[in-house]
Amino acid sequence: MAAALAEAHKAAERGEVPVGAVLVRDNRVIARAGNRTISDCDPTAHAEIVALREAARILGNYRLPDATLYVTIEPCAMCCGAMIQARIARLVYGADDAKGGAVRSCFSVLDHPQLNHRVEVTSGVLADESAAALKTFFSARR
């Protein structure tokens, strides 16, 4: 999670919303990313999506079984959908997102009974630090 926080801080330095993601498989970091929606002019360039794309490219497979995705903030519905499509095994995230989180805050996408894949979830890891990065970023813009 510390590596995901580092990616979030790099994103903030670029003027992006400070969200970071790191994908790990077999105790090895495969991909890491921060938000790039502004710099890429791409509404889908959330840290999670960028990390999933990079991991799939590196591993040569769009399926990422046995992978864990570490994210600083509770993922949105789009990112949760991508995790299901990639078949990641586990999500570890920091702070809840009351305005758009799709794991438990606004929606419960990852455990919907109609889906054919389940993602194990651990939340609250470095939650205070993850929330502080967002708060600092938005405070400076207001």
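The values are calculated or read from the model by the stated rules, or taken from the named source; none is laboratory data. It should be emphasised that the depicted structure is a prediction, and the values quoted were computed from it without experimental measurement. Backbone-built Cβ (ideal geometry, glycine too); neighbour counts: all protein chains shown. Just the protein is used for accessible areas: all its heavy atoms, side chains included, with ligands, DNA and RNA removed. Shrake-Rupley method; radii C 1.70, N 1.55, O 1.52, S 1.80 Å.
Charge dipole (Cα centre; +1 on Lys/Arg Cβ, -1 on Asp/Glu Cβ; no other charges) of the range 1-61 amounts to roughly 180 debye. Against the chain, whose longest principal axis comes from its Cα atoms, helix 77-86 is set at around 30 degrees.
Counting only protein chain heavy atoms and rolling a 1.4 Å probe, the accessible areas of Phe138, Phe107 rank, largest first, as Phe107, Phe138. Taking the accessible area of the chain, probe 1.4 Å, and keeping the other protein chains in place, the carbon and sulfur fraction comes to 52%. The charge dipole of the range 1-139, taken about its Cα centre with unit charges on the Cβ atoms of Lys, Arg (+1), Asp and Glu (-1) only, comes to about 320 debye. Taking amide H atoms as placed 1.01 Å from N in the peptide plane, the amide H of Ile88 lies under 5 Å from those of Leu64, each 5 or more residues away in sequence or on another chain.
Size estimate for the chain follows the Kirkwood approach: the inverse of mean 1/r over distinct Cα pairs works out to 14.7 Å. Computed on the Cα trace of the range 67-142, the radius of gyration divided by the Kirkwood hydrodynamic radius gives Rg/Rh = 1.01. Accessible area per residue for the chain, computed on protein heavy atoms with a 1.4 Å probe, is 51 Å².
So what is the relative contact order for the range 52-117, in percent, with contacts set as C-alpha pairs under 8 Å and at least six apart? That works out to 32 percent. Measuring nothing but how far apart in sequence close Cα pairs (under 8 Å, 6+ apart) lie, relative to its length, the chain scores a relative contact order of 21 percent.
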